[in-house]
Amino acid sequence: MTLLALMRNEWRAVWATPIIGLTVFGGVLFYFFLYPLPYVKQVPRDQPVVVVNLDGSQLSRRLERMVDATPQVKLACRAHSIEAARDIFIREKLAGILVIPEHFYRDLLLGRRPTLSYAGDASYFLVFSTVLEGLAGAGSTLAAEAKINRMLVSGQALPLAAERHSALELNLRSVFNPTAGYVNYVAPAIFVVILHQTLVLGLGILGGLENEARRDGERAYRQEAASLKLLVVRTGLFTAIYWPLCMFYLGFGFQFYAIPRHADFLELNMVILPFLLGAACFGTCLGLLLPRRELAGPIVMFSSMPLVFGSGFIWPLEAIPAPISAIIQYIPVIPAIRMFLGLNQMGGDFGMLLPVWKQMWLCVALYGVLAWVLLRMEKQR
Amino acid sequence: MKPSSTHLLRREVDDLVGDPWLLSLVTWVPLLLAFTMWWIFSQGIATELPVGVVDLDKSRTSRALVRHFEASPSLKMDDTFLAVPQAISALKAGHIYGLVILPRGLEEQTLRGRPPRVTVFSNGQFLLTQKVINAAVLQAQGTYTATVETVWNLASVTPVLDGALSAALPVANQTVPLFNAAKNYTQFLVSAILPAIWQMMMGIGPILSLSAVHRKHTLSGWLGGTPVRALLAKMVFLTALFWLHGLFSLTVMYGGLGWPMHGDWSLLLVAQLMTAWASTGAACLIFLLTRDAARSISIAVVLVASALAFMGVTFPVSDMPLAARIWRSLIPICHYIEIQISQANYGAPVEMAIPQLAALGLLLLPGLVALALAPRFAGPGRARSGEAAA
């Protein structure tokens with residue numbers, strides 16, 4: 001079969017199967033909106049907390065107002081005891097509890113170090129850290145004020161007291177995601193996963209479909225074409241289809257969700273090439289192994305979970321058991337996530353990321369050879 | 001001739017055992033996946049996160065400060081960087097998650113009582129590690145300043161240690177992580193991931209099962225003369241099977257792994273039964289409407305694969321936009337997980353679960369619709385009676 005005829009056949013096979021077009025274009029477009037959807041507000045705000053004010057002084061009421069004024073939390077209600085607060089907390093589904101102890105104001109004046117207690121619902125980690133940020137932020141502002149006041153009382157000048165209230169000024173900066181937004185955190189990696197998984201799924205469906213046809217006795221062009229030629233045409237076609245889709249995600253998509261982009265255009269394309277080739281070879285292998293097309297969906301879906309959580313952008317690589325990271329390193333999406341995040345989100349230097357890039361090409365080689373061997377074996381049968 | 005219940009049950013068992021893919025889906029696949037996910041998070045707490053230090057002061061004070069950072073189990077300080085640019089590129093390459101820059105003149109300023117400004121960069125692209133690092137850095141700063149200022153105050157304000165400490169830190173604070181005291185990530189996330197895997201299995205299983213009979217006997221032939229009974233048998237069988245899976249995962253979480261369970265077991269079991277029926281019913285309805293394995297699987301995958309993101313465990317439901325809340329209300333497990341958390345973690349009163357139970361109640365309907373539609377797709381009982389004869 002000539003190269004041209006093969007290309008025509010592949011092109012027709014892809015477009016003649018609505019489910020492939022639906023998976024590739026429909027999936028890529030729909031998931032583009034679906035997966036960032038829960039997080040579009042970026043950070044949780046105004047988490048409701050209940051306050052137990054056992055002090056009732058002017059100062060403690062000021063603390064209440066300061067807490068309420070933070071963007072992270074709002075005072076939903078008051079309780080008279082810790083037990084009552086606990087009940088309200090569960091009944092009203094609140095996020096935190098602030099306890100101001102008895103004689104808070106008096107103890108502060110007397111220098112007895114009163115203790116403020118902050119409780120948050122650690123069933124939801126993001127909510128917990130948000131609540132803590134709000135409560136502890138307000139608390140430490142109050143403490144700093146108290147300290148400055150005391151220094152003023154002991155005779156220091158205000159500017160000096162304001163400057164000297166802490167032995168160390170900490171300038172804590174969030175880099176690469178300055179607002180610590182959740183879309184900025186999730187979307188860049190999830191987009192790479194979506195592109196990879198829909199590509200693999202599309203090829204899995206195509207391969208499964210051919211296998212079904214073959215079982216029914218139809219002779220498909222896959223068996224007639226030379227193995228290497230078929231592999232090149234098939235992976236080339238899907239790479240060509242996905243290149244604009246990558247551009248859509250990394251360009252328009254990032255713009256749409258206001259996600260920072262730092263990568264150089266040329267370097268980004270140098271990453272897209274091995275990413276798409278690797279995914280296409282991987283998908284071709286999957287397609288050759290599946291007896292029926294509908295099995296591709298569940299396999300791709302189940303595999304997404306360890307891939308997302310094992311890739312290192314949620315749970316640190318240092319904490320992931322070595323055997324798991326050793327295995328998933330050879331799925332093209334894993335080095336791709338590191339590469340895309342490193343270049344585009346963190347503005348990393350291509351030279352320093354070179355080992356990861358080589359690993360992407362290793363995936364291309366690995367699955368390219370495997371697909372070729374599988375195609376040859378199929379022909380000999 | 002009406003097929004007997006035992007016959008229908010046997011047929012279901014045969015269907016399950018006869019299809020290796022379906023059998024895998026309800027046996028080793030979820031088990032392996034659940035184990036893998038548990039293993040990934042088994043460390044529970046992120047520790048020893050690499051953080052770079054550039055010490056431009058190289059004094060006793062700066063080294064003391066680095067030791068305060070080193071004392072935190074969350075951090076692993078890497079002080080091999082000689083200059084800021086070198087450390088920044090390591091941060092960009094992801095070799096370190098954070099960077100502490102100790103300025104020149106740190107010791108001198110501290111001795112003169114002028115607070116030096118220490119800059120800490122933390123990588124916000126890795127939100128979880130960033131939160132761990134920030135908390136550790138703030139804590140280290142707290143202990144460091146308390147030590148330094150107490151010494152200052154002993155010299156200048158009061159010779160009494162308590163007084164000096166209170167002048168340094170006038171307010172003490174105490175943080176209480178409720179319902180997950182150790183802030184264990186395994187307990188937090190895996191208790192949501194297991195139900196998410198369960199939901200995936202329940203969304204796919206019925207479709208694989210129906211498509212297997214469709215392939216063998218055609219759907220109409222399989223539904224035969226008693227379509228409602230045939231479909232009901234499959235739905236009841238699969239619901240019961242999935243219920244067992246749910247029970248098993250609860251046993252593992254709250255028995256085997258020993259996570260606290262403060263609530264009502266019977267309520268959890270009822271909620272699981274409803275979730276299993278709702279998922280089975282919806283999957284069957286999707287298959288009946290498309291009568292095509294690939295298409296119905298695609299629809300089911302779109303719904304169930306997104307379950308974890310929409311559960312509201314990683315990001316609060318109250319901060320999701322309306323469209324996201326509508327989408328999640330279609331997924332049975334999103335209602336179930338709220339019951340599981342409020343029961344297991346809070347030990348909340350049973351009546352708190354009424355809204356979720358009501359939502360699950362509504363989601364029982366697709367299954368009933370599927371049963372009502374079954375006769376439409378039934379044909380002459382050719383294939384089924386042939387099977388009964390054999």
Among the residues of region A:338-352, count how many are surrounded by fewer than 24 Cβ atoms within 10 Å (Cβ to Cβ), in contact (Cβ under 8 Å) with a residue 12 or more places away in the chain and farther than 13 Å from A:P260 by Cα. 1
Quick one: how many residues across region B:107-132 are in contact (Cβ under 8 Å) with a residue 12 or more places away in the chain and either within 9 Å of chain A (Cβ to nearest Cβ) or more than 16 Å from B:R60 (Cα to Cα) (or both)? 15
Quick check on region B:345-382: of everything there that is outside any helix (DSSP H, G or I) and in contact with a helix residue (DSSP H, G or I) (Cβ under 6 Å, 6 or more places away or on another chain), which residue is nearest to B:R291 (Cα to Cα)? B:A378
Residue hits (region A:154-179; more than 8 Å from chain B (Cβ to nearest Cβ), small (G, A, S) and closer than 24 Å to B:Y144 by Cα) are A:A161, A:A162
Residue by residue through region B:101-134, note down the ones that are surrounded by fewer than 21 Cβ atoms within 10 Å (Cβ to Cβ), of a type in the set (K, R) and modelled with pLDDT of 90 or more. B:R104, B:R117
Restricting the first residue to region B:5-16 and requiring it to be at positive phi, which pairs with a second residue that is part of a helix (DSSP H, G or I) and β-branched (V, I, T) meet a Cβ separation below 7 Å and a spacing of at least six or different chains? none
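For region A:255-284, which residues satisfy the criterion of being surrounded by fewer than 24 Cβ atoms within 10 Å (Cβ to Cβ) and assigned to a helix (DSSP H, G or I)? It would help to see each step written out before you state the result.
Quick first cut of region A:255-284, residues surrounded by fewer than 24 Cβ atoms within 10 Å (Cβ to Cβ) only: A:255-270, A:272-274, A:277.
Within region A:255-284, A:Q255, A:F256, A:F265, A:L266, A:E267, A:L268, A:N269, A:M270, A:I272, A:L273, A:P274, A:L277 qualify.
Only one of these is buried (at least 20 other Cβ atoms within 10 Å of the Cβ) and more than 21 Å from the chain's Cα centre (by Cα): B:P159, B:P170. Name it.
B:P170
Out of region B:89-100, which residues are outside any loop (DSSP other than H, G, I, E, B) and modelled with pLDDT of 95 or more?
The first filter runs over region B:89-100 and keeps only residues outside any loop (DSSP other than H, G, I, E, B), leaving B:89-92, B:98-100.
Correct list: B:G98, B:L99, B:V100.
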Of (1) in contact with a Phe, Trp or Tyr (Cβ under 9 Å, 6 or more places away or on another chain); (2) facing chain B (nearest Cβ under 8 Å), A:H196 satisfies all except one. Which? (2)
Restricting attention to region A:32-50, and to residues there that are more than 8 Å from chain B (Cβ to nearest Cβ) and at pLDDT 95 or above, which single residue is surrounded by the most Cβ atoms within 10 Å (Cβ to Cβ)? A:V49
Those residues that are more than 9 Å from chain A (Cβ to nearest Cβ) and assigned to a helix (DSSP H, G or I), I need them from region B:157-186; list them, please. B:L161, B:A164, B:T186
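Within the group B:L65, B:L25, which residue is in contact (Cβ under 8 Å) with a residue 60 or more places away in the chain, crowded, with 17+ Cβ neighbours inside 10 Å and in the same structural domain as B:A196 (by TED's automatic domain parsing)? It would help to see each step written out before you state the result.
Working: B:L65 fails: in the same structural domain as B:A196 (by TED's automatic domain parsing).
Just one listed residue meets the conditions, B:L25.
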Would it be correct to say that B:S342 is more than 18 Å from A:P298 (Cα to Cα), surrounded by fewer than 20 Cβ atoms within 10 Å (Cβ to Cβ) and polar (S, T, N, Q)? no
Does A:L307 fit the bill of being within 14 Å of chain B (Cβ to nearest Cβ), part of a helix (DSSP H, G or I) and either among the aliphatic types (A, V, I, L, M) or over 17 Å from the mean Cα position of the chain (by Cα) (or both)? yes
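In region A:129-153, which residues are more than 7 Å from chain B (Cβ to nearest Cβ) and without any contact (Cβ under 8 Å) to a residue 60 or more places away in the chain? Can you show your working first?
First, pick out the residues of region A:129-153 that are more than 7 Å from chain B (Cβ to nearest Cβ): A:130-131, A:133-135, A:137-138, A:140-141, A:144-145, A:148-149, A:151-153.
Scanning region A:129-153 gives A:S140, A:A144, A:E145, A:I148, A:N149, A:M151, A:L152, A:V153.
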Among the candidates B:S89, B:S72, B:S62, B:S5, residue that is of a type in the set (S, T, N, Q), in contact with a helix residue (DSSP H, G or I) (Cβ under 9 Å, 6 or more places away or on another chain) and closer than 30 Å to A:G342 by Cα: B:S72
Whether any residue in region A:8-15 is at the interface with chain B (Cβ under 8 Å from one of its Cβ atoms), within 30 Å of A:F238 (Cβ to Cβ) and either free of Cβ contacts under 8 Å to residues at least 40 places away in the same chain or surrounded by fewer than 16 Cβ atoms within 10 Å (Cβ to Cβ) (or both) is what I want to check. no
Only unsatisfied item for A:L250, checking (1) closer than 30 Å to B:P116 by Cβ; (2) more than 14 Å from chain B (Cβ to nearest Cβ); (3) buried (at least 22 other Cβ atoms within 10 Å of the Cβ); (4) not charged (D, E, K, R), is (1)
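Looking for whichever is among the aliphatic types (A, V, I, L, M) and modelled with pLDDT under 95 here; the options are A:M305, A:M301, A:M377. Which one fits? Write out each step before concluding.
Values: A:M305 fails: modelled with pLDDT under 95; A:M301 fails: modelled with pLDDT under 95.
Criteria check complete, one pass: A:M377.
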Looking at B:L178, B:L219 in this structure, which one is at pLDDT below 95, among the aliphatic types (A, V, I, L, M) and outside the structural domain of B:R295 (by TED's automatic domain parsing)? B:L178
When you scan region B:273-296, do you find a residue that is crowded, with 22+ Cβ neighbours inside 10 Å, out of contact with any Pro (no Cβ under 7 Å at 6 or more places or on another chain), in contact (Cβ under 8 Å) with a residue 60 or more places away in the chain and more than 23 Å from B:A372 (Cβ to Cβ), even just one? no
Working carefully through the options B:L210, B:L268, find the one that is touching a helix residue (DSSP H, G or I) at 6+ places or on another chain (Cβ under 7 Å), part of a helix (DSSP H, G or I) and surrounded by fewer than 22 Cβ atoms within 10 Å (Cβ to Cβ). B:L268
Exactly one of (1) within 11 Å of chain A (Cβ to nearest Cβ); (2) among the aromatic types (F, W, Y); (3) part of a loop (DSSP other than H, G, I, E, B) is unmet by B:F81. Its number? (1)
Pick out the one residue from A:G26, A:G21 that is in contact with a Phe, Trp or Tyr (Cβ under 8 Å, 6 or more places away or on another chain) and of a type outside the set (A, V, I, L, M). A:G21
Counting only residues in region A:99-136 that are under 30 Å from B:V317 (Cα atoms) and among the charged types (D, E, K, R), the one surrounded by the fewest Cβ atoms within 10 Å (Cβ to Cβ) is identified as A:E133
In the set A:Y182, A:Y118, the lone residue that is within 7 Å of chain B (Cβ to nearest Cβ), farther than 27 Å from B:A305 by Cα and of a type in the set (S, T, Y) is A:Y118
What about B:P3, is it assigned to a loop (DSSP other than H, G, I, E, B) and surrounded by fewer than 14 Cβ atoms within 10 Å (Cβ to Cβ)? no
Among the residues of region A:312-359, write down those that are over 17 Å from the mean Cα position of the chain (by Cα), aromatic (F, W, Y) and in a loop (DSSP other than H, G, I, E, B). A:Y330, A:F350
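The values are calculated or read from the model by the stated rules, or taken from the named source; none is laboratory data. Note that the structure is a prediction, hence the values are computed from the model and not measured. Cβ sites come from the backbone with ideal geometry, for glycine too, and all protein chains shown count toward neighbours.
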